[in-house]
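Just so it is clear, none of the values below were taken in a lab; they were calculated from the coordinates. Because the structure is a prediction, the values reported are computed rather than measured. Cβ atoms come from the backbone with ideal geometry, glycine included; neighbour counts cover every protein chain shown.
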Amino acid sequence: MNLFGLALGLAALLIIGLGLVWVIRGEYTLGYLWWPYVMGLGGALICVSLFFTSDWLSALIGVLGASLVWGSTELKEQAVRAELGWYRFNPNPKPQPPFVEIIKKIKAPHL
Amino acid sequence: MTLNGIGVVAALATFLGVWVGHVAVRKVEYRAPDLRAPMLVALIIGLALEVVALSSTSLYLSGACGILGMTAWFDAAEFRRQFKRVKKGHAPANPNNPRHAPLLTEGKATTIDLLKREPMGQVITYKEQAA
């Protein structure tokens, strides 16, 4: 019996669950315009996972990367949820990401 | 140097599982008159995938099926949570769905997808947005 998949599935569920938390906090603190950087970090982690010799470490880094890519697509909807009062809205000015004007011209993706 | 592909496989399984589950739960909950059947289907799919994960000697297949199976089980529970969102007006209700129609008649739900817009940077009430 190979327990690797079952255990990895449980770990993935935990990492995805943590994703819900950081999306809420990240949007509150930084705003949704940071989404390309979060997506890029997720993609970079997936690439980095190729270089780990440990299967467990490679798989967990891959899952973490995928959850960052997914989370980056949730940031825009989270911003709308906060504006609708479903989550705490941060009225303070948020730090602008580099190249913010270019980012504003790109339609933020969501699943 | 040999590259280890398990991370990429795990990443693809995670992203696909979340994406397909996210879209399927919303679409099925919108249309299904009874949630028990889709919940059962998701549970069976999850179980089948976990059995494959446990019995496979391939690390890649075991990892991918393990992740996809867990997301299917998670989606089984998501059907009820999605219905709760509809009840609160946080997700659009379907006037042709017998589970949703009474909620719309009582004014508890909405047919509008309130999340389908760009952020405006300010608090906006449901009535303001609906207008």
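Each of A:76, A:105, B:27, B:87 was scored by other Cβ atoms within 10 Å of its Cβ. Arranged with the fewest first, they read A:105, B:27, B:87, A:76.
Once Rh is set to the Kirkwood radius over Cα pairs, what Stokes-Einstein translational diffusion coefficient, in µm²/s, holds for chain B at a temperature of 10 °C and a viscosity of 1.306 mPa s? Kindly include the intermediate steps, with their values, before the conclusion.
On the way: Rh = 16.9 Å.
D, rounded to a whole number, is 94 µm²/s.
Ignoring everything except DSSP H segments at least 4 long, calculate the 222 nm mean residue ellipticity for chain B; use -39,500 (n - 2.57) per segment, divide by total residues, nearest 500.
Here the helix-only value at 222 nm equals -22000 deg cm²/dmol.
Working from label points 7 Å from Cα in the Cα-to-Cβ sense, the residue B:117 to residue A:89 distance is 1.1 nm.
Fewest neighbouring Cβ atoms within 10 Å first, the residues A:8, A:30, A:75, A:18 line up as A:18, A:30, A:75, A:8. Based on Cα contacts under 8 Å between residues 6+ apart, region B:1-120 shows a relative contact order of 26 percent.
For chain B, the longest principal axis of the alpha carbon atoms and the long axis of helix B:6-31 meet at an angle near 30°. Taking every Cα-Cα distance in chain A and sorting them into 10 Å bins from zero, the calculated P(r) comes out as 14, 39, 29, 14, 3, 0 percent.
Peptide B:68-79 shows a mean partner chain C-beta count of 2 within 10 Å per residue C-beta. Note on B:99-105: average number of Cβ atoms from other chains within 10 Å of each residue's Cβ is 0.
Peptide B:49-56 shows a mean partner chain C-beta count of 4 within 10 Å per residue C-beta. Can you give the calculated 222 nm mean residue ellipticity of chain A, where each DSSP H run of n ≥ 4 adds -39,500 (n - 2.57) and the sum is split over every residue, rounded to the nearest 500 deg cm²/dmol? Taking each H run of at least 4 residues, the total per residue is -23500 deg cm²/dmol. Helices that extend 15 Å or more along their long axis by alpha-carbon positions and average at least 1.6 on the Kyte-Doolittle scale are, among the DSSP H runs of chain A, A:4-30. In angstrom, the C-alpha Rg and Dmax of the protein assembly as shown are 19.5, 65.
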